[in-house]
Amino acid sequence: MAKVLVFIDNPGQALKKASLELLTFARSLGEPAVAFNGELHDGVAETLAAYGAQALYRPSAADLDDYLVGPKAAYLAAAVQTAGATIVLTENSAEAKEIAARLGIRLGAGVITDVVGVEPGGTAHKSVLAGSYTTTAKATTPVAVLTVKPNSITPEPAVTGTAPATVTVDVPETAAAASARITSRTEKAASGRPDLGEARIVVAGGRGVDGNFGPLEDLADALGAAIGASRAATDAGWIGHDAQIGQTGKTVAPQLYISAGISGAIQQKAGMQTAKVIVAVNKDAESPIFEIADFGIVGDLFKVLPQATEEIKKRRG
Amino acid sequence: MGPAGAVNAVKKSLQIGASEGVHLSDDALAGSDAAATSLALAAAIRHLGADTPADLILTGMASTDGETSLVPAQLAERLNLPQVTFASALELDGGKLTARRDGDTHADTVEAALPALVSVTDQINDPRYPNFKGIMAAKKKTITTLSLADIGVDPAQVGRAGSWTAVETAEARPARTAGTIITDEGDAGIKLVEFLAAQKLL
């Protein structure tokens, strides 16, 4: 049976849904094990056991977070060899993809990113060219590295839990030498809203919001949605770059995408056109966004959005 | 690196200020995945730096087709260089590089000693446009075309054959079609909510 190693970087106090999804995929592909970095809290260890992890690997070094990518890739390569894994699964964040990238070179392993499904034989499903093509791809090497997008599978604990032992993996001492050092970190204020990449609903604004995201935030909070933005809005400095959706920002595929004051140029569409349902509000009836909207409103977002927010609150009593 | 037509990108780089261009082009490169692409680029960089190695290698953040963002990290791994990736601001002070890297929950300041590899996001600056002077000056600059043989890469290591991943199937996603479009007559917000309720999205 294939050994599948799931990499979880800083599991924290409780595992993220995306990590549970990786564990669920891992069981469908073979025998799962976990390589983590950072602290392992008791609650997390219990969840890993409930999800069927057969072994846990931890790094001999405690300072991997002080460096960018390189040492984590070196640790993971050592963990793959110790575990004898032939499939490695990581999340799909920018850093995780880069760790996967360097791991691939170290192991001579093919790397497939942005995976949304994996068949038992290792064939991965993904989209390319801004969501305009769906493809299947496979690593042709003895080891395959897959970075998996969130919301790709429903997390399910194993039928039978495990009691995995923790094994310490030596991180090569040379790993940090040719690496960039992270000298300071500024935490961004938490919005209390869901993570943009994982949100079921996204409310996004563009040039038309004219610096005022207030009505979008009110609607987002009524719907339990995340806030996104077009490049025009982030370039104007109205909202942080981490909210940017599109070719040079994030790609999202929520159940519902509400686009407000965004014209819908191709670079924007690239980040959201695989959303299940698209609603668009824009003053300009000629905006390209209306070509792909399931429900479009030609109107003033500062009137339409607050009215919708009120109506939702009214319906919920 | 790219087919014959990619030389236009090299020309544009010269027009906006680069002093010399190199175009790695070889039929055997077609179909290269990220691993094969990084192998060819690493070999080209070593070839160009045989006498004077590069201090700084700058790349973009992702291609617009595969959008994997793998190549900069893989290039750094192959060249054994520190990677300073997804930089939104960059400063160079002597032999030391300082960059800002924005994450979802935090922003990092990252430092590395040269030589290093840096990939930048679209936040890094506003690219200048080629002006007449630049276009004229570019005509006097050199573009060197390199083949795989020039950089000592076996064609079997790159292209479809040398890649570590293979695309098995590709299917065009059905084009999205427009749905219901209404013009606000004072009640569009309520109609929006009715639509969401009908779609069971509330």
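The values are calculated or read from the model by the stated rules, or taken from the named source; none is laboratory data. On a predicted model such as this, the values are computed, not experimentally measured, just so you know. Neighbour counts are summed over all protein chains in view; Cβ atoms, including those assigned to glycine, are modelled from backbone coordinates with ideal geometry. Note: areas computed on protein heavy atoms with side chains; ligands, DNA, RNA excluded. Shrake-Rupley method; radii C 1.70, N 1.55, O 1.52, S 1.80 Å.
Determine which member of the set A:265, A:229 is open to solvent by 10 Å² or more (accessible area, probe 1.4 Å) and of a type in the set (A, V, I, L, M, F, W, C). Going through A:265, A:229 in turn, the sole match is A:265. Restricting the range A:178-205 to residues that are open to solvent by 90 Å² or more (accessible area, probe 1.4 Å) and not in a strand (DSSP E or B) leaves a set whose member that is nearest to residue A:43 (Cα to Cα) is A:190.
Scanning for something in a strand (DSSP E or B), away from chain B (no Cβ under 12 Å) and touching a residue at least 24 places away in the same chain (Cβ under 8 Å), does the range A:212-227 turn up at least one residue? Working first, answer last.
If we filter the range A:212-227 for residues that are in a strand (DSSP E or B), which is where we start, we get A:226-227.
Subsequent filtering for residues that are away from chain B (no Cβ under 12 Å) retains A:227.
Filter once more, so that each one left must be touching a residue at least 24 places away in the same chain (Cβ under 8 Å): A:227.
Yes, some residue in the range A:212-227 is in a strand (DSSP E or B), away from chain B (no Cβ under 12 Å) and touching a residue at least 24 places away in the same chain (Cβ under 8 Å).
Screening A:167, A:171 for residues that are part of a strand (DSSP E or B), surrounded by 14 or more Cβ atoms within 10 Å (Cβ to Cβ) and either touching a Leu at 6+ places or on another chain (Cβ under 7 Å) or in contact (Cβ under 8 Å) with a residue 24 or more places away in the chain (or both) leaves exactly one candidate, A:167. Restricted to the range B:88-191, the set of strands (runs of 3 or more DSSP E) holding at least 2 residues that are surrounded by 11 or more Cβ atoms within 10 Å (Cβ to Cβ), at pLDDT 95 or above and within 14 Å of chain A (Cβ to nearest Cβ) comprises B:96-102, B:106-113, B:116-120, B:165-172, B:180-183. Exactly one residue out of A:201, A:239, A:153, A:182 is within 12 Å of chain B (Cβ to nearest Cβ) and either out of contact with any Ser or Thr (no Cβ under 9 Å at 6 or more places or on another chain) or within 18 Å of residue A:89 (Cβ to Cβ) (or both): that is A:201.
Can you find a residue in the range A:13-35 that is touching a residue at least 60 places away in the same chain (Cβ under 8 Å) and under 22 Å from residue B:82 (Cα atoms)? No, because not a single residue in the range A:13-35 is touching a residue at least 60 places away in the same chain (Cβ under 8 Å) and under 22 Å from residue B:82 (Cα atoms). Residues of the range A:145-160 that are open to solvent by less than 80 Å² (accessible area, probe 1.4 Å) and among the hydroxyl-bearing types (Ser, Thr, Tyr): A:147, A:152. Looking across the range A:287-317, the residues that are open to solvent by 20 Å² or more (accessible area, probe 1.4 Å) and either basic (Lys, Arg) or under 19 Å from residue B:175 (Cβ atoms) (or both) come down to A:288, A:291, A:294, A:303, A:313, A:314, A:315, A:316.
When the residues of the range A:111-134 are filtered to those that are at pLDDT 95 or above and among the hydroxyl-bearing types (Ser, Thr, Tyr), the one that is surrounded by the fewest Cβ atoms within 10 Å (Cβ to Cβ) is A:123.
So, in the range B:192-202, how many residues would count as being part of a loop (DSSP other than H, G, I, E, B) and open to solvent by less than 60 Å² (accessible area, probe 1.4 Å)?
1
Taken as a whole, the range B:13-36 holds no residue that is at the interface with chain A (Cβ under 9 Å from one of its Cβ atoms), within 15 Å of the chain's Cα centre (by Cα), at negative phi and open to solvent by 30 Å² or more (accessible area, probe 1.4 Å).
For the range B:157-202, the set of residues classified as under 30 Å from residue A:122 (Cβ atoms) and among the charged types (D, E, K, R) consists of B:160, B:168, B:171, B:173, listed by residue number.
The criterion of at least 1 residues that are within 7 Å of another protein chain (Cβ to nearest Cβ) is met by the following strands (runs of 3 or more DSSP E) wholly inside the range A:70-141: A:110-118, A:124-128, A:133-139.
Mind checking which residues of the range A:272-286 are open to solvent by less than 80 Å² (accessible area, probe 1.4 Å) and either in a strand (DSSP E or B) or at pLDDT 95 or above (or both)? Those that are open to solvent by less than 80 Å² (accessible area, probe 1.4 Å) and either in a strand (DSSP E or B) or at pLDDT 95 or above (or both): A:277, A:278, A:279, A:280, A:281, A:282, A:284, A:285.
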